[in-house]
There are 4 protein chains.
Amino acid sequence: MIVIMERRASSEQIDHVVARVEELGFRAHLSRGEERTIIGIIGDERPVAVESLEVLPGVERVVPVLQPFKLASRDFKPDNSIVRIGDVSIGGEEIVVMAGPCAVESREQIFETAWAVKEAGARVLRGGAFKPRTSPYAFQGLGLPGLELLAEVSEKVGIPTVSEVMSPSDVEIVARYVDILQIGARNMQNYSLLQEVGKTSKPVMLKRGMMSTIHEWLMSAEYILANRNYNVILCERGIRTFETATRNTLDINAIGVGKQLTHLPVMVDPSHATGKANLVGAAAKAAIAAGADALIIEVHPTPERALSDGAQSLKPEAFVKLMVELRQVAAAVGRRI
Amino acid sequence: MIVIMERRASSEQIDHVVARVEELGFRAHLSRGEERTIIGIIGDERPVAVESLEVLPGVERVVPVLQPFKLASRDFKPDNSIVRIGDVSIGGEEIVVMAGPCAVESREQIFETAWAVKEAGARVLRGGAFKPRTSPYAFQGLGLPGLELLAEVSEKVGIPTVSEVMSPSDVEIVARYVDILQIGARNMQNYSLLQEVGKTSKPVMLKRGMMSTIHEWLMSAEYILANRNYNVILCERGIRTFETATRNTLDINAIGVGKQLTHLPVMVDPSHATGKANLVGAAAKAAIAAGADALIIEVHPTPERALSDGAQSLKPEAFVKLMVELRQVAAAVGRRI
Amino acid sequence: MIVIMERRASSEQIDHVVARVEELGFRAHLSRGEERTIIGIIGDERPVAVESLEVLPGVERVVPVLQPFKLASRDFKPDNSIVRIGDVSIGGEEIVVMAGPCAVESREQIFETAWAVKEAGARVLRGGAFKPRTSPYAFQGLGLPGLELLAEVSEKVGIPTVSEVMSPSDVEIVARYVDILQIGARNMQNYSLLQEVGKTSKPVMLKRGMMSTIHEWLMSAEYILANRNYNVILCERGIRTFETATRNTLDINAIGVGKQLTHLPVMVDPSHATGKANLVGAAAKAAIAAGADALIIEVHPTPERALSDGAQSLKPEAFVKLMVELRQVAAAVGRRI
Amino acid sequence: MIVIMERRASSEQIDHVVARVEELGFRAHLSRGEERTIIGIIGDERPVAVESLEVLPGVERVVPVLQPFKLASRDFKPDNSIVRIGDVSIGGEEIVVMAGPCAVESREQIFETAWAVKEAGARVLRGGAFKPRTSPYAFQGLGLPGLELLAEVSEKVGIPTVSEVMSPSDVEIVARYVDILQIGARNMQNYSLLQEVGKTSKPVMLKRGMMSTIHEWLMSAEYILANRNYNVILCERGIRTFETATRNTLDINAIGVGKQLTHLPVMVDPSHATGKANLVGAAAKAAIAAGADALIIEVHPTPERALSDGAQSLKPEAFVKLMVELRQVAAAVGRRI
């Protein structure tokens, strides 16, 4: 960390900062410039509330030097991590496509979708049983019966599943029925929930909060890793900006930045990142071209009757067509689906 | 709700939308303009996933007409709601100031602060026992011993308390020890938690998410109200924008918009909304001038030693001075502290 | 346009709105719902300040129905427009790559770069002579001598050029020396400048403002088209968001949304959209995969010595390598470079 | 400036950065931490494109130390600057209220408004003659006849005027007719225009761009100051965020941050910062409470007939009532109107 003093900071003020820094167990390193004195702080700044130095008299601002995450960092583990779900590997040469409805609505719906997406080449089935809805009056998911349907369809169709868990007390039961635990964007900083999934050994798909920086996203991953679950997949799903033409703004740069900073796989949800079925294909292709390790795409047999997210769901036939295009883009960047 | 058709929408497409609208139990009302046909939908649109109509062929976009919240709405209850905590009333003529440290750190710290803020005129003591921290390596709060200290200081000093609850399974215990349950900004859309506090009868301070719209904030309040807890206080605490000179951007307009849309009290947290102690006073005065019903201000005996949020905490003597200024602004807008 | 009345709006208030609407020359169409009355306004709303209806008593809000742009709209011209610069066509099957330094700095620099990018397959040379710099103390471009160098290099190397014009009074001279006039992001709503380039017949590359919506971008294009210059190319260059890990956030969805709304070509500037040389390649590939018609990429022989934008400039050898990859992605989406 | 090296940066890479720093004319100061080496750069970094150091091998990032503005800075001039327009002083104890219509529309309209706002206590009359409109089809202002009306009303009513100038070539004529030159939000980074108003001696009201940081705003002021016009008033008018309930988000913190960083007066436009007449009063009171030196408020005799910005204009009687309230808040913070 670096403390930048005000232009008119006195010697006493500088000495006070140095004393406080040393009291915290660090060594201070002074550098007197023409206009400002700078105090470098040597040592691991992470566990200390160093921003509190900003209130000391004469301090202009404090600049952190170290990345605040450790286990998630490429400094800690230079090689790519690969997360395995049965014979599916995420983070390797193959780009994994997950697909399925926003929510499990009925036996027919989930079976029909599962067969269709598997046939088209999807390797994981998505389907929500617990749905975080902005309105308390909207469909909240089938709950436990939805999980049971997921487990049944998974076994009969032969495809692993991913489903969202919203509450720490549901982690155990969701983990019993599905293969990948999804942490939704609204819960990215629900630390009780992160700690709970961190105590399991299940793969966790951690969606980026719509209001979260890439650094905060990696800090949330760090919560899971610090609880000894290393099977974390990061999922960019669009951020909130001033633009309202789309539901969210896909931060395509987050793939590259993420892969530079961390060894964890980075995937993309083009359905939420656009919010409109007719934009999903372009976003999916862009994600692959930019280096995504996996995609998760909403597919519903009859989008206009979907109980949630109908506007952004593809019909199975559109998904089949898209998969052909995705394979071509994957090949163009030296990967395969 | 209103469905706006594309310019070149065919009669068949229009008929299809009308049929689907009627199938959903609504009446459709056609209006053919020079360039576009518009279909008005008559009936309560709230429980239906109407955005799914956007995928029907020929539809350009769907515009909701009704506010999605009911119980929180001024249409439902035109008069201001007043939330009572003992002899403290929030939402009436008096502006209530809550103050205290970010986190309960020790017996000395919390007692010293409690006496000081009460003496200066604060009516509620704040203090976190469970702290949501971006980093898993940062101080996470004292937990249960922190709650016990809060209950003790509350009784001895004679001041009610507000403290954050982060997990549904902690609601019962936090409710046992404190007077107002705080839902933090990061948990504004943690629906499991909202439902759980909705099942208590404790006053709830619902902080606005840092990238949540005012509508989403009211929808989260609706979750609590729909579970029959009507004691909800809305708290604006700054939103995330592109500006980095301050920790957050105080959305001062949210007070007026909030009070137009809802009968619930609206308060402001000028400490998080600025992130810097030397900006807290201006933000607090602005909040009162703009109509806030209450404030929550971070005060710490030694901010440079605070385990969290030191940079934005006032010393007790600065808080005393600020209270004098706040009383003058309150009087200027016809209220009192 | 649609006027949504408040729930408690009186008959007199509704009549007043209808009277005002008819006074403005429109027909009003009433639709009485269970909770709200809605007034549809039939006629071309564009030239009227209809938002002023929002101040009438009893009005809750006003929703526009028509897109505010006409000439830029696909409703006006369904087929793709192709902008031609000599034998270069933008908006057709070929994806055009423009490349060169941020600023023209010297004869050696611009000649060396021009030969290198042409050899690698770039079809247009970029190079700024007038530079909009945040600081008045930063290098502001060579001005007229820079334009003369551009004209000379263009003729000798055999490659057309694009360069920014910042002031209405400079339009004539810049148009004399270069082939494409660039309107920079900061000037997207400099209407005096838009009108001036609209009076020429030169192709105009209109960069999206860093905090402008796609609709506003198209309205700025409309200013140029309305002045009878139809040779407009839209350029997405990243928007400003809360994320600070990159210089801007590339709004990859803007390509698809843009191409749905308008017939004009849509291109991408991956250099500004990332701000970091090691992220440019991924963004460029993503842009092509998402349907961009052209790219503009910053290339400098010695980025660490560049007088501006060095951090995001590729060396010629990196550009050569990138072009090979871009050709593969272009082929995967059925296009060529 | 400080260069932070990557964890694995080699000695050669560090030496290379040091060599390049010295070649640029600075002294380098090394500080080797446990995980990172940091290179402090001593000297005035402002005129150099130092971000280009980011491309050197082994560099993680570059952190500027000095504020990029000089003449606008409190370091340069610690005391408040006061801008004088005849007997009106902006930046002193008195809070100056400017008021009037968005645009000059007719003789009756501007005279009626001028008498009304002067009578209510406004010290400056606003009125646009050149209007920057998003749509080329919207009312663009009366132009020169509008300026003539402003000059006439100013003389007859006895009130100075403020009006926007949009093009460098119009600066001379607008300066001839009005007392304060307004640079609109969309032109905050129109550097040709800033330089031109910098060459006059007229007071300049510089609106903050809706997409501009406080630092960029001060850099734009620096452009004017660097051209030797020191009569600059900064005007916060709301920034663009994700919130759509209001036209803009008033950044109330910008007043305090602005006044800490610069000696220039800081004022607020509550009309644009809200976009809704019924929110203007709260925003205006908040601005005064937070320390604003002046306000500019839109007033129109018949807002529903205004050719622009009707939704946010106050009627004269509402303005009279607001002025009474503003005086009370001003007194509460030790100032007067």
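Every number here is computed from the coordinates shown, using simple stated rules; none is lab data. Since we're looking at a predicted model, the values are computed, not measured. Glycine also receives a Cβ, built like all others from the backbone with ideal geometry; neighbour counts cover every protein chain displayed.
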### Pairwise label distance in nanometres, D:ALA331 with C:PHE76, each label 7 Å out on the Cα-Cβ vector
5.6
### Message
Taking beta carbons within 10 Å but only from partner chains, what does the mean come to for residues C:31-43?
### Response
6
### Over segment A:1-60 - Rg/Rh using Cα atoms and the Kirkwood inverse-distance radius
0.93
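With r defined as the distance between the Cβ atoms of A:LEU144 and C:GLU23 and R0 fixed at 45 Å, what FRET efficiency is calculated, to the nearest 0.05?
Efficiency at R0 = 45 Å is approximately 0.15.
Which whole number gives the average count of other chain Cβ atoms within 10 Å of the Cβ atoms across peptide B:328-334?
Numbers: counts 7, 8, 1, 3, 12, 7, 2.
Counting other chains' Cβ atoms within 10 Å and averaging over B:328-334 gives 6.
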### Query
How far is helix D:107-120 tilted off the main Cα axis of chain D, in degrees rounded to 10, range 0 to 90?
80
## Note on the structure
With D:PRO57 itself left out, Lys, Arg at +1 and Asp, Glu at -1 over residues whose Cβ is under 13 Å from its Cβ give -3
#### Entry: Separation of alpha-carbon centers, segment C:104-171 and segment D:148-202, rounded to whole Å
33
### Query
Rounded if a/c is under 1.5, else prolate if a/b beats b/c, else oblate: with a ≥ b ≥ c from the C-alpha gyration tensor eigenvalues square-rooted, which is segment D:66-137?
oblate
### Task
First check a/c for the protein assembly as shown, with a ≥ b ≥ c the square roots of the eigenvalues of its C-alpha gyration tensor; if it is under 1.5, answer rounded, and if not, answer prolate when a/b is larger than b/c or oblate otherwise.
rounded
### Message
For B:ILE233, A:ILE38, which order do you get if you count the other beta carbons within 10 Å of each Cβ and list the fewest first?
### Response
A:ILE38, B:ILE233
### Message
Ordered shortest first, which distances in nm separate the 7 Å Cα→C-beta label point of A:VAL324 from those of the other copies?
### Response
3.1, 7.5, 7.9
### Query
How far is the Cα center of segment A:214-232 from the Cα center of segment C:71-101, in Å?
45
### Task
Note down the nm distance, to one decimal, between modelled labels 7 Å out along Cα→Cβ at D:SER169 and at C:GLU317.
4.9
### Summary
Yeah, segment B:76-205 with a ≥ b ≥ c from its alpha-carbon gyration tensor (a/c under 1.5 is rounded, else prolate when a/b outruns b/c, oblate otherwise) is oblate
#### Entry: Among beta bridges that DSSP assigns inside the protein assembly as shown, antiparallel share in %, nearest 5
40
### Message
Among DSSP bridges having both ends in segment D:82-193, what percentage is antiparallel? Round to the nearest 5.
### Response
25
### Task
Any chance you could give the angle, 0 to 90 degrees and rounded to 10, that helix C:214-226 forms with the longest Cα principal axis of chain C?
80
### Task
May I ask you to work out the translational diffusion coefficient for chain A at 37 °C, viscosity 0.692 mPa s, via Stokes-Einstein with Rh from the Kirkwood sum over Cα pairs, reported in whole µm²/s?
153
### Query
Using the per-residue mean of other Cβ atoms lying within 10 Å as a proxy for protection, in what order, highest first, do the peptides B:188-194, A:245-251 fall?
B:188-194, A:245-251
### Task
Can you tell me how much longer the chain between C:SER201 and C:ARG228 gets when fully stretched, taken as 0.36 nm per residue apart minus their C-alpha distance, in nm with one decimal?
8.9 nm
### Task
Assign unit charges at the C-beta atoms only (+1 for Lys and Arg, -1 for Asp and Glu), then state the dipole size of segment D:163-322 relative to its Cα centre in Debye, rounded to the nearest 20.
140
### Message
Using a 7 Å offset from Cα along Cα-Cβ at C:ASP15, what residues in segment C:55-97 end up with backbone N under 16 Å from the label point?
### Response
C:57-58
### Expected-Rg normalisation [2.2 N^0.38 Å, Cα atoms] applied to segment C:258-323
1.19
## Note on the structure
Burial-style ranking of A:284-296, B:61-73, average other-beta-carbon count within 10 Å with highest first, yields A:284-296, B:61-73
### Message
Taking beta carbons within 10 Å but only from partner chains, what does the mean come to for residues A:24-30?
### Response
2
### Query
Where does chain C land at 222 nm, in deg cm²/dmol rounded to the nearest 500, when only DSSP H runs of n ≥ 4 count, each adding -39500 (n - 2.57), divided by all residues?
-10000 deg cm²/dmol
### Task
Evaluate the charge dipole of chain B about its Cα centre and quote only its size in Debye, nearest 20, assuming +1 on the Cβ of each Lys and Arg and -1 on the Cβ of each Asp and Glu.
500
### Task
Assuming R0 = 51 Å, can you tell me the calculated FRET efficiency for the pair B:SER106 and A:THR244, based on Cβ-Cβ distance, to the nearest 0.05?
0.60
### Query
Between segment D:296-337 and segment C:246-307, what is the C-alpha centre distance in whole Å?
45
### Task
Could you please report the charge total around B:ALA185, scoring K, R as +1 and D, E as -1 over all other residues with beta-carbon less than 15 angstrom from its beta-carbon?
+2
### Task
Quote the FRET efficiency, to the nearest 0.05, computed for C:GLU152 versus C:ASP87 with a Förster distance R0 of 25 Å and r equal to the Cβ-Cβ distance.
0.80
### Contact order normalised by residue count of segment B:24-96, Cα under 8 Å, 6+ apart, percent
14
### Task
Could you grab the relative contact order for segment D:13-138? Cα pairs under 8 Å, six or more apart, rounded to a whole percent.
14
### Message
Ordered shortest first, which distances in nm separate the 7 Å Cα→C-beta label point of B:ASP15 from those of the other copies?
### Response
4.0, 8.3, 9.2
### Query
What nm distances, shortest first, do you get from the label point of D:GLU34 to those in the other copies when the point sits 7 angstrom along Cα to Cβ?
3.6, 6.5, 7.3
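List the relative contact order of chain B as a percent without decimals, with contacts defined as Cα pairs under 8 Å and 6+ residues apart.
Working: 702 pairs, mean separation 54.1, N = 337.
It rounds to 16 percent for chain B.
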### Query
Can you list the lysines whose alpha carbon is less than 28 Å from that of C:LYS199, not counting same-chain residues fewer than 8 positions off?
C:LYS70, C:LYS77, C:LYS131, C:LYS207, C:LYS259, D:LYS131
## Note on the structure
If one compares the long axis through the Cα atoms of helix B:277-289 with the longest principal axis of the Cα atoms of chain B, the angle in degrees, nearest 10, works out at 60
